[in-house]
Amino acid sequence: MRVLHLNTHASGGSYEYAALLSTALAEQRIESHVLCKNSPTRGGVRLFLDRVIRRGSVSFSREPWHGTRRFLSPPAGKELEEIDVVHLHTVADWFDVPRWLETLPRRMGVVISVHDMWHVTGGCFLYRGCNRYANQTPACDLCPILRWPANQFLAKAAHSRKLGAYQNCGARMVANSHWLAEIAGRSPIAKICGGVRAIPPGIDTAVFKPQDKSLCRKHLGLPADAFVIVTGAASLMDANKNLPWLLEQLSHLPDLGGVILLAFGEGALPVPNRLNVRFTWGIHDRHDLARLFAAADVFVSASLMETYGMTLVESMACGTPIVAFRVGGIPEAAPDGQGAILCAPQDAAALIQAIMKLRNSAQLREMLGEGGRETVRVRNRLSSFSSLFEGIYRECVSSHENVERKQSELTV
């Protein structure tokens, strides 16, 4: 069996997910590789039109939104030769997905990882409580994140195109948390695909594992007796990560002289007075990220929404406890009392209290760290991750073979 994973960029959470899954499948003797969008080497009409579409998406929307009309070339020809299953990850910023799905050979299975809400809505990515994608007819009419007059037709048309194309290709949908599977499963697009299954992501515990804290701190130039907090994201300026708010709250911790905050990610943030922040910028080597987690006493997240929280899981695997908000899929990724202390969103007092509990008790840090590590070891094994997807791939192939057999019997 041959599986082709598609992801727009060769970086970010969805790429790491796809690459790790592909590697784990290869260890089970399933031929699998990841294909990403190539950077155009020269201009042209298609590239120009695609840039117009992208700029239009930004100017028409108040929050991240992408329609389905794109002009860049999709995978084709030799890239699809002898492929049994295509697995779509984050592809909204690449090609026209509905049109491409309609051109795929009927023998080819389609699996869609629902990393966010794009595949099941009219183009939005984050769930903010709007249910127009699920219970409105027509779906996504008068989209609240699009400006007039685009809100009259763009999201509604994108939802309709997906509904037809996804049904015709017999796509299977998979989410990384039960929370996301339930939210996404409300969409008519998901329902015609047979719903959304939940498979916990696997992580590489050969990389993300407990390490000698003193050695990690020595490598990073951190004092052995400091209370070290780590936080971060791919982009420090991502509004959903809520990092300016977090830094402001951390600046009110007592005895700040003994506190160091490590912040990883691209970009920079204003630092409140008295708070000792060390920016590590983007970390592209997973071993370096694991060392950062292992050096810390606690990972603190102020994200307003996460479909799961892979960074939290990686930190837990290193034996570092979590403080985060009880939102989205975070309670599944980092269960309260099993590696984490969770707070209500934007509850500054509860956040500070949780951090201080951990600061004042090495025993609590050790207990939560060990509980989180064991949770990850059992739940996020790469072998389980790849085996569950292998079952879905084989189901796709079998289903398409049955359809072809029935069609051939009817023509005899």
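The values are calculated or read from the model by the stated rules, or taken from the named source; none is laboratory data. As the structure is a computational prediction, the values presented were derived from the model and not from experiment. All Cβ positions, glycine included, derive from the backbone under ideal geometry; neighbour counts span all protein chains shown. Calculation scope for accessible area: heavy atoms of the full protein, side chains included, ligands and nucleic acids excluded. Shrake-Rupley method; radii C 1.70, N 1.55, O 1.52, S 1.80 Å.
Structural remarks
- The calculated FRET efficiency for residue 346 paired with residue 51, based on their beta-carbon distance and R0 = 35 Å, is about 0.40.
- Length released on extending from residue 224 to residue 28, taking residue separation times 0.36 nm less the Cα-Cα span: 66.3 nm
- Accessible area in the full protein assembly, largest first, 1.4 Å probe, for 65, 281, 245, 148: 148, 281, 245, 65
- Taking the centroid of alpha carbons for each part, region 1-63 and region 301-379 are 31 Å apart.
- Taking all protein chains into account, the per residue accessible area for region 288-341 stands at 20 Å² (1.4 Å probe).
- Taken per residue, the accessible surface of region 183-256 reaches 44 Å², heavy atoms only and a 1.4 Å probe.
- Neighbours of residue 98, meaning other residues whose beta-carbon lies under 12 angstrom from its beta-carbon, give a summed charge of +3 when Lys and Arg score +1 and Asp and Glu score -1.
- Going by accessible surface with a 1.4 Å probe and the largest first, 199, 341 read 341, 199.
- By a 1.4 Å probe calculation restricted to protein chains, residue 116 has an accessible surface near 30 Å², given to the nearest 10.
- Chymotrypsin sites (Phe, Trp or Tyr not before Pro) restricted to region 142-231 and DSSP loop, no more than 16 other C-beta within 10 Å: 153
- Accessible area of residue 159 in the full protein assembly, 1.4 Å probe (Å², nearest 10): 10 Å²
- Percent of Cα pairs in region 178-261 per distance bin of 5 Å, from zero to the largest separation: 3, 10, 12, 11, 14, 17, 11, 8, 6, 5, 3, 0.
- Computed FRET value (nearest 0.05) for residue 357 with residue 280, which takes r as the C-beta separation and R₀ as 30 Å: 0.70
- The alpha carbon radius of gyration of region 355-394, expressed as a multiple of 2.2 N^0.38 Å, is 1.82.
- Overall form of region 1-107 per C-alpha gyration tensor (a/c, 1.5; a/b vs b/c): prolate
- Environment charge at residue 176 (Cβ cut-off 14 Å; Lys +1, Arg +1, Asp -1, Glu -1): -4
- Heavy atoms of the protein chains alone define the surface here; on that basis region 1-105 has 53 Å² accessible area per residue at 1.4 Å probe size.
- Residue with peak Gaussian network fluctuation, the chain [Cα springs, cutoff 10 Å], from 372, 258, 195: 258
- For region 278-331, alpha-carbon Rg relative to the globular expectation (2.2 N^0.38 Å, N residues): 1.13
- Listed values [x] 167; [y] 188; [z] 154, entry calculated as volume of the Cα convex hull per residue in Å³: [z]
- According to the Kirkwood relation over distinct C-alpha pairs, the hydrodynamic radius of region 281-371 is 13.0 Å.
- Gyration tensor (alpha-carbon) shape descriptor, region 124-181, a/c threshold 1.5: oblate
- Accessible carbon and sulfur surface of the chain relative to its total accessible area, %, 1.4 Å: 53 percent
- Take residue 124: with every protein chain present and a 1.4 Å probe, its accessible area is about 40 Å².
- Prolate/oblate/rounded label for region 39-196 (Cα gyration tensor, a/c 1.5): oblate
- Reach of residue 191 by Cα under 17 Å, taken over aspartates and glutamates that are not fewer than 8 positions away in the same chain: 116, 182
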